[in-house]
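Participant: Submitted below is the structure of interest, expressed as structure tokens.
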Amino acid sequence: MKFIVNDHMVLIRAPEGSLAPYIASFSEWVIGQGYAQCSLRQRVRIAAGFSRWLAAKSVPLNGVSYQLAAQYLRYRAHRQRVCEGDATALRQFLDFLCTQGAIPAEKRRQRQLSPAERCAQAYERYLREERVLAKATIANYVPFAHDFLKDCFGSGPVRLSRLRAGDVVRFVQRRAPQMHLKTAKLLTTALRSFLRYGRYRGDIQLDLASAVPLVANWSMSTVPRAIEPDQVRQLLASISRRTAVGRRDYAILLLLARLGLRSGEVAFLELDDIDWKDGSLSVCGKGGRRLQLPLPADVGAAIVAYLQNGRPPSDSRRVFLRARAPVQGFLGPSAVGTVVRHALLRAGIAAPTTGAHQFRHGLATEMLRHGASLSEIGEVLGHQSPETTKIYAKVDLCALRTLALPWPAGVR
């Protein structure tokens with residue numbers, strides 16, 4: 001006799017075993033996550049099969065574990081064709097049971113950390129709790145500190161008191177030439193921070209931070225790589241707004257092009273950040289600073305089109321959600337970069353880069369061409385220091401030509 005799980009799912013027979021009462025609610029959860037019908041069927045069937053297997057083994061509810069799930073998958077593989085995603089589907093079912101309090105959360109065995117990893121972990125806590133640095137800064141600094149410790153001590157005990165200036169110099173000399181200039185600069189900054197931390201702890205008596213070699217990084221040595229206005233228009237025109245994903249991507253690209261937002265500011269934009277009555281947008285910029293920006297009519301219309309006819313139902317307060325299940329907000333700024341890269345590829349546009357930041361440079365360059373001052377550009381882009389905005393003076397070629405000296409002897 002067929003068993004109706006819900007409006008979306010029917011099983012050949014009623015579920016058996018201690019997990020049977022949770023299968024219908026698990027099915028509703030899967031639907032709420034935005035999974036397709038085929039994915040729903042896979043998840044419910046493997047959950048029902050696991051519960052039936054547990055019943056055959058007389059396993060009570062309090063005996064269900066992730067280890068038993070692994071055994072069931074091996075048992076199942078010997079009797080039917082294994083489908084891609086079976087292990088993930090079963091793990092999701094167990095994770096769901098944990099959230100429902102039906103089974104205890106998995107106690108994962110902690111991997112034994114090496115001395116270098118333990119020291120880097122302590123440094124990370126110091127940056128987070130003592131220095132209260134931004135997550136992005138910590139994520140940039142800690143790997144360099146770990147690499148330095150591993151280079152100096154290998155897998156053995158970490159004795160910071162044994163470090164000498166030569167160890168610091170040799171590490172930078174080996175690593176810096178292999179890196180991009182900006183990455184090498186970040187390496188030396190992170191290394192100075194870690195060595196000051198070692199002195200703060202009392203493990204290092206010498207001022208080794210001053211022994212870190214300088215990496216040449218001339219101010220304003222490059223020209224911002226900005227996407228051209230014609231390329232922006234071509235890109236926007238290429239986006240199909242007949243689909244939910246197209247409406248989402250079009251709104252994202254408009255935010256980048258019209259307001260010059262950073263990819264992280266777009267990724268983490270929330271519904272409460274938009275003031276529809278006032279026609280403004282509040283974004284969380286670098287250092288947690290809030291920046292209030294006007295919301296252009298075309299950008300607002302694009303966001304509304306996505307919210308009304310594209311955004312999947314979700315409890316998330318993020319404006320932009322993943323198109324594929326599980327339906328949730330973007331995990332980070334790289335998701336916005338992926339949207340830009342795929343859009344450029346589909347449109348066949350040879351832009352200066354494949355990233356999102358070129359729209360920010362493009363907006364600043366276009367503002368400068370239309371007579372905006374550097375202070376106005378800095379205000380729109382949310383720069384904390386005027387020095388950051390000065391780089392755009394280099395793209396105003398007409399103004400720079402007036403500063404050029406005549407060629408000697410009148411030769412052109």
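Participant: Which residue out of Y141, Y197 is aromatic (F, W, Y) and in contact (Cβ under 8 Å) with a residue 60 or more places away in the chain?
Facilitator: Testing whether each residue is aromatic (F, W, Y) and in contact (Cβ under 8 Å) with a residue 60 or more places away in the chain leaves just Y197.
Participant: Look through the range 72-104, keep the residues that are closer than 13 Å to L19 by Cα and among the small types (G, A, S), and return whichever of them is surrounded by the most Cβ atoms within 10 Å (Cβ to Cβ).
Facilitator: It comes out as A102.
Participant: Another question about this same structure. Confirm whether L321 is within 16 Å of the chain's Cα centre (by Cα) and modelled with pLDDT of 90 or more.
Facilitator: Yes; evaluated as a whole, the condition is true for this residue.
Participant: Would you tally the residues in the range 232-284 being over 17 Å from R311 (Cα atoms) and without any contact (Cβ under 8 Å) to a residue 60 or more places away in the chain?
Facilitator: Qualifying residue count, the range 232-284: 13.
Participant: To continue, here is another question. Can you name every residue in the range 51-61 that is open to solvent by 20 Å² or more (accessible area, probe 1.4 Å) and assigned to a helix (DSSP H, G or I)?
Facilitator: If the condition is that a residue be open to solvent by 20 Å² or more (accessible area, probe 1.4 Å) and assigned to a helix (DSSP H, G or I), then R52, W53, A55, A56, L61 are the ones that fit.
Participant: If you check R324 against the conditions, is it closer than 26 Å to M367 by Cβ, loosely packed, with under 14 Cβ neighbours inside 10 Å, touching a Gly at 6+ places or on another chain (Cβ under 8 Å) and touching a residue at least 60 places away in the same chain (Cβ under 8 Å)?
Facilitator: Considered against the rule, which asks whether it is closer than 26 Å to M367 by Cβ, loosely packed, with under 14 Cβ neighbours inside 10 Å, touching a Gly at 6+ places or on another chain (Cβ under 8 Å) and touching a residue at least 60 places away in the same chain (Cβ under 8 Å), R324 comes out as no.
Participant: Can you name the number of the only condition in (1) closer than 22 Å to V158 by Cβ; (2) under 23 Å from the mean Cα position of the chain (by Cα); (3) open to solvent by 50 Å² or more (accessible area, probe 1.4 Å) that A134 fails?
Facilitator: It is condition (1) that A134 fails.
Participant: Related question: Can you spot a residue in the range 73-81 that is in contact with a Phe, Trp or Tyr (Cβ under 8 Å, 6 or more places away or on another chain) and closer than 17 Å to L97 by Cα?
Facilitator: No, that holds for no residue.
Participant: Does S210 count as of a type in the set (G, A, S), exposed (fewer than 14 other Cβ atoms within 10 Å of the Cβ) and at pLDDT below 90?
Facilitator: no
Participant: Go over the candidates P177, P157 one by one and state the one that is surrounded by fewer than 13 Cβ atoms within 10 Å (Cβ to Cβ), over 25 Å from the mean Cα position of the chain (by Cα) and without any contact (Cβ under 8 Å) to a residue 12 or more places away in the chain.
Facilitator: Being surrounded by fewer than 13 Cβ atoms within 10 Å (Cβ to Cβ), over 25 Å from the mean Cα position of the chain (by Cα) and without any contact (Cβ under 8 Å) to a residue 12 or more places away in the chain holds for just one of P177, P157, which is P177.
Participant: Name the helices (runs of 4 or more DSSP H) wholly inside the range 241-310 in which the number of residues that are surrounded by 13 or more Cβ atoms within 10 Å (Cβ to Cβ) and among the hydrophobic types (A, V, I, L, M, F, W, C) is 3 or more.
Facilitator: Ranges flagged: 244-259, 297-309.
Participant: Quick check: anything in the range 351-370 open to solvent by 30 Å² or more (accessible area, probe 1.4 Å), small (G, A, S) and not in a strand (DSSP E or B)?
Facilitator: No, the range 351-370 contains no residue that is open to solvent by 30 Å² or more (accessible area, probe 1.4 Å), small (G, A, S) and not in a strand (DSSP E or B).
Participant: Hey, any hits in the range 83-104 for a residue that's in a helix (DSSP H, G or I), among the basic types (K, R), within 30 Å of R311 (Cα to Cα) and at pLDDT 85 or above?
Facilitator: yes
Participant: When the residues of the range 62-71 are narrowed to those that are modelled with pLDDT of 85 or more, within 18 Å of Y22 (Cα to Cα) and assigned to a helix (DSSP H, G or I), which ends up least open to solvent (accessible area, probe 1.4 Å)?
Facilitator: Residue satisfying both the conditions and the ranking: A69.
The values are calculated or read from the model by the stated rules, or taken from the named source; none is laboratory data. In this text, all values refer to a predicted model and were calculated from it rather than measured experimentally. Cβ sites come from the backbone with ideal geometry, for glycine too, and all protein chains shown count toward neighbours. These area figures cover heavy atoms from the full protein model, side chains too; ligands, DNA and RNA do not enter into them. Shrake-Rupley method; radii C 1.70, N 1.55, O 1.52, S 1.80 Å.
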